[in-house]
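> Before we start, here is the structure in question, set down as structure tokens.
The values are calculated or read from the model by the stated rules, or taken from the named source; none is laboratory data. Just so it is clear, the structure is predicted and the values come from calculations on it, not from any experiment. Cβ atoms come from the backbone with ideal geometry, glycine included; neighbour counts cover every protein chain shown. These accessible areas exclude ligands, DNA and RNA; they are computed on the full protein's heavy atoms, side chains included. Shrake-Rupley method; radii C 1.70, N 1.55, O 1.52, S 1.80 Å.
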Amino acid sequence: MQIAQNLLSIKSTLPEQVTLVAVSKTKPVSDLMQAYDAGQRIFGENKIQEMAEKWEAMPKDIQWQMIGHVQTNKVKFMAPFVNLIHGVDSLKLLQEIDKQAKKNDRIIECLLQMHIAEEETKFGLDEEELNEILSPENLPEMKNIRIVGLMGMATFTDNQSQIKKEFLHLKSIFDKLQKMNTSNCKLETLSMGMSGDYKLAIDCGSTMIRIGSSIFGGRS
Ligand SMILES: *Cc1c(COP(=O)(O)O)cnc(C)c1O
């Protein structure tokens, strides 16, 4: 009951253009089913094997999204079903996703993950690496991927003005690339904001928020 209530109360506050990804990592299928029964169809996981097990166990109208860091050699395990990969942070990874998508006769949507936080430990591209991936030499060859947006994670801090600065930085990169419109790249989704900072993220232009603990409770 609590999970459904949490979900519905968050949803009721969201502007129309914002998509909610229910981040269900570490949680059992029974918890996910409570969200499903309350209408949720988009779930985010950060481990490929865990996501694949849940995909097998749960209804097939769910969209499964990979929000964690992806190792190239594991792409094949999610290529048959994954709906959106948030954490694409290298050309090599993008090429592997393209290859595995092709084997499965699918097109897989991707977000490029940008490094916007102060912490060195967080993954993501800088602007130079982003432009390299988006360059005309690299993109045209990949017919089985679509780059549909950007993703970023702010620094883990209570300092709201710093988080805001980082979100606005990501939004400005996103805006700069709006004119791109090729067969496999058109940026429409800006994935930023988690339980602690999603309201601020929406104010800064987020169109996709990834919420875990505020729906499912804390993780141990
Ligand atoms: C775990 C996770 C989330 C959700 O975090 P909460 O604080 O529980 O909402 C969002 N994005 C990524 C990339 C995550 O790994």
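> Return yes when residue 104 is in contact with a Pro (Cβ under 8 Å, 6 or more places away or on another chain), surrounded by fewer than 22 Cβ atoms within 10 Å (Cβ to Cβ) and on the phi < 0 side of the Ramachandran plot and no when it is not.
Values: in contact with a Pro (Cβ under 8 Å, 6 or more places away or on another chain): yes; surrounded by fewer than 22 Cβ atoms within 10 Å (Cβ to Cβ): yes; on the phi < 0 side of the Ramachandran plot: yes.
Taking the combined requirement at face value, the residue satisfies it.
> Would you check which residues across the stretch 21-35 are crowded, with 21+ Cβ neighbours inside 10 Å and of a type outside the set (Val, Ile, Thr) and list them? Can you show your working first?
Step one: of the stretch 21-35, the residues crowded, with 21+ Cβ neighbours inside 10 Å are 21-24, 27, 32, 35.
Scanning the stretch 21-35 gives 22, 24, 27, 32, 35.
> Is it true that some residue in the stretch 80-93 is open to solvent by 10 Å² or more (accessible area, probe 1.4 Å), of a type in the set (A, V, I, L, M, F, W, C), touching a residue at least 24 places away in the same chain (Cβ under 8 Å) and within 15 Å of the ligand (Cβ to nearest atom)? Reasoning before the result, please.
Going residue by residue through the stretch 80-93, those that are open to solvent by 10 Å² or more (accessible area, probe 1.4 Å) are 80-81, 83, 89-92.
Subsequent filtering for residues that are of a type in the set (A, V, I, L, M, F, W, C) retains 81, 91.
Then drop every residue that is not touching a residue at least 24 places away in the same chain (Cβ under 8 Å), which leaves 81, 91.
When the remaining residues are screened for being within 15 Å of the ligand (Cβ to nearest atom), the result is none.
Scanning the stretch 80-93 turns up no residue that is open to solvent by 10 Å² or more (accessible area, probe 1.4 Å), of a type in the set (A, V, I, L, M, F, W, C), touching a residue at least 24 places away in the same chain (Cβ under 8 Å) and within 15 Å of the ligand (Cβ to nearest atom).
> What number of residues within the stretch 197-208 satisfy the criterion of being in a loop (DSSP other than H, G, I, E, B) and either open to solvent by 70 Å² or more (accessible area, probe 1.4 Å) or under 12 Å from residue 163 (Cα atoms) (or both)?
2
> Another question about this same structure. Find the residue count for the stretch 167-177, including only residues that are within 14 Å of the ligand (Cβ to nearest atom) and either surrounded by fewer than 18 Cβ atoms within 10 Å (Cβ to Cβ) or not aliphatic (A, V, I, L, M) (or both). Steps first, answer last, please.
First, pick out the residues of the stretch 167-177 that are within 14 Å of the ligand (Cβ to nearest atom): 167, 170.
The next check asks that each one be either surrounded by fewer than 18 Cβ atoms within 10 Å (Cβ to Cβ) or not aliphatic (A, V, I, L, M) (or both); those that pass are 167.
Within the stretch 167-177, residues that are within 14 Å of the ligand (Cβ to nearest atom) and either surrounded by fewer than 18 Cβ atoms within 10 Å (Cβ to Cβ) or not aliphatic (A, V, I, L, M) (or both) number 1.
> Being within 10 Å of the ligand (Cβ to nearest atom) and assigned to a loop (DSSP other than H, G, I, E, B) narrows it down to one residue among 194, 151, 180, 142; which is it? Let's see the steps before the verdict.
Working: 151 fails: assigned to a loop (DSSP other than H, G, I, E, B); 180 fails: within 10 Å of the ligand (Cβ to nearest atom); 142 fails: within 10 Å of the ligand (Cβ to nearest atom).
When all the criteria are applied, what remains is 194.
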